[in-house]
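The values are calculated or read from the model by the stated rules, or taken from the named source; none is laboratory data. Because the structure is a prediction, the values reported are computed rather than measured. Reconstructed Cβ throughout: ideal geometry from the backbone, glycine too, with neighbour counts over all protein chains shown. Remember, those area values only see protein heavy atoms, side chains included, never the ligands or the DNA or RNA. Shrake-Rupley method; radii C 1.70, N 1.55, O 1.52, S 1.80 Å.
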Amino acid sequence: MHSNPKIRVIIFEDNSHLRDSLYFLVNTSKEFECIAAYPDTRQALHNVQQLKPDVIITDIEMPGMNGIDTTRIIKKEFPDMKILVLTVFDDKERIFQALCAGGSGYLLKNSSPEQILQALVDTYKGGSPLSPSVAKLVVQFFQLNMPDAVPDDYDLTLKEKELLLCLVDGKSYKMIADKMNISIETVKTHIKNIYRKLHVNSSHEAVAKVLKQRLL
């Protein structure tokens, strides 16, 4: 019997000590293998095209191109790519820039090794892991920014609305597929259609639009 292939990870981190620590952490886990670790993101798109990872870990502040711009560029070329942002920054501006650029999750560097590995698992499975302080800021943002909006359902179908509700609840693609009794591929197709109709590029942008405009 063949064991399940490991989930392939690449890392973008300019701090050599942390980069080595993350490389070691990922490679000593059962689920993952780190196939490359880079000190900057200058060749990020080329790296991703060549190696085709399952999950990317990226810092924000790096020489050359920052992690937010990198995330945006990678997601434009590879819309389904899972990207976990791991950074020291816990300010609202960077958090929302990173999530709206297409980051799957946002974790602070003071997270424990166990939390980082769990966030990788969640990211790979389609979840959106957030450090507790980051999640709190996200919730506060939505509570403070809920203007009355003219309802517009963007021609969403009932299935798409049901799926959007699942996204708002933070469910992963697999959980959505099980709940709606459809395949993960069908979930992905629905999500692409939802993104197109809402004019967004990530689940965070979609959820933000739903909450701000009270679409559901």
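For the reader, a short list of remarks on this structure follows.
- Taking every residue in segment 159-170 that is small (Gly, Ala, Ser) and pairing it with any residue that is in a helix (DSSP H, G or I), at least 6 positions away or on another chain, the pairs with Cβ-Cβ distances below 9 Å are Gly170/Val207.
- Test for Phe12: is it crowded, with 19+ Cβ neighbours inside 10 Å and touching a Lys or Arg at 6+ places or on another chain (Cβ under 6 Å): no
Conditions tested, residue by residue: (1) touching a Leu at 6+ places or on another chain (Cβ under 7 Å); (2) closer than 20 Å to His204 by Cβ; (3) surrounded by fewer than 17 Cβ atoms within 10 Å (Cβ to Cβ); (4) in contact (Cβ under 8 Å) with a residue 40 or more places away in the chain.
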| position | (1), (2), (3), (4) |
| --- | --- |
| Lys75 | no, yes, no, yes |
| Glu93 | no, yes, yes, no |
| Tyr106 | yes, yes, no, no |
| Asp122 | no, yes, no, yes |
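- Residue check, Thr28 modelled with pLDDT under 95, open to solvent by 10 Å² or more (accessible area, probe 1.4 Å), of a type in the set (S, T, N, Q) and farther than 16 Å from Gly105 by Cβ: yes
- Breaking point among (1) modelled with pLDDT under 85; (2) open to solvent by less than 60 Å² (accessible area, probe 1.4 Å); (3) touching a Lys or Arg at 6+ places or on another chain (Cβ under 9 Å), for Gly126: (1)
- The number of residues in segment 2-48 that are more than 18 Å from Gln115 (Cα to Cα), in contact (Cβ under 8 Å) with a residue 12 or more places away in the chain and part of a helix (DSSP H, G or I) comes to 5.
- Segment 31-50 - residue that is farther than 10 Å from Ile10 by Cα and in contact with a strand residue (DSSP E or B) (Cβ under 6 Å, 6 or more places away or on another chain) and, of those, most open to solvent (accessible area, probe 1.4 Å): Glu31
- Of residues in segment 155-194 being at positive phi and modelled with pLDDT of 85 or more, the one nearest to the chain's Cα centre (by Cα): Asn181
- For segment 122-141, filtered to residues that are assigned to a helix (DSSP H, G or I) and touching a helix residue (DSSP H, G or I) at 6+ places or on another chain (Cβ under 8 Å), the residue that is nearest to Tyr106 (Cα to Cα) is Val134.
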